[in-house]
Amino acid sequence: MACKMDKLASSLGVLAVGTRLRIMQVLKGRDLCVGAIASHLDVTQGAVSQHLRVMRDAGLVIGEKRGYYVHYRLNDQTLNRWRKLIDELLAPGPATSYQCSERIRRSCGDGHSDGKRRRRR
């Protein structure tokens, strides 16, 4: 099983595109169809659809069919989960995930997690 930080890195890769961050801003507190999002951002509907597909696959947005249109909204559960992982990452102190800290020790080869080799005397 991959450690939580690997999952977080993969998830945050979705947000490495400025247009997707702008889509998140537009969707805060409301749900909109592709056309409305495109209009707000001054980009094509096709571009918005492609970004929403990536965001939907990551669980970041939820689409709900209403008549001929699909309205999208942010997925609060996913946002809360990502927020918790980011808080854990940025919190002071040692790694809190055993799997991640154990992987760091092994990758350093000598049991030291700072990446510096110790000289033998």
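The values are calculated or read from the model by the stated rules, or taken from the named source; none is laboratory data. Keep in mind it's a predicted model, so treat the numbers as computed, not measured. Here Cβ is always computed from backbone atoms with ideal geometry, including for glycine, and neighbour counts include all displayed protein chains.
Which of the residues that make up the range 35-59 are within 24 Å of LYS7 (Cβ to Cβ), out of contact with any Lys or Arg (no Cβ under 8 Å at 6 or more places or on another chain) and not acidic (Asp, Glu)?
Within the range 35-59, GLN50, LEU52, ARG53, ARG56, ALA58, GLY59 qualify.
Take the residues in the range 1-31 that are among the basic types (Lys, Arg) and at pLDDT below 80, then tell me which one is surrounded by the most Cβ atoms within 10 Å (Cβ to Cβ). So that I can check it myself, show each step before the final result.
The initial filter retains those residues of the range 1-31 that are among the basic types (Lys, Arg), namely 4, 7, 20, 22, 28, 30.
Checking the rest, the ones that are also at pLDDT below 80 come to 4, 7.
Working: LYS4: 17, LYS7: 14.
Per the criteria, the residue is LYS4.
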Can you find a residue that is small (Gly, Ala, Ser), more than 20 Å from the chain's Cα centre (by Cα) and farther than 24 Å from CYS3 by Cβ anywhere in the range 19-34?
no
Answer yes if at least one residue in the range 69-86 is at pLDDT below 70, more than 18 Å from ALA16 (Cα to Cα) and of a type outside the set (S, T, N, Q), and no otherwise.
no
Within the range 87-105, residues at pLDDT 65 or above and outside any loop (DSSP other than H, G, I, E, B) come out as ASP87, GLU88, LEU89, LEU90
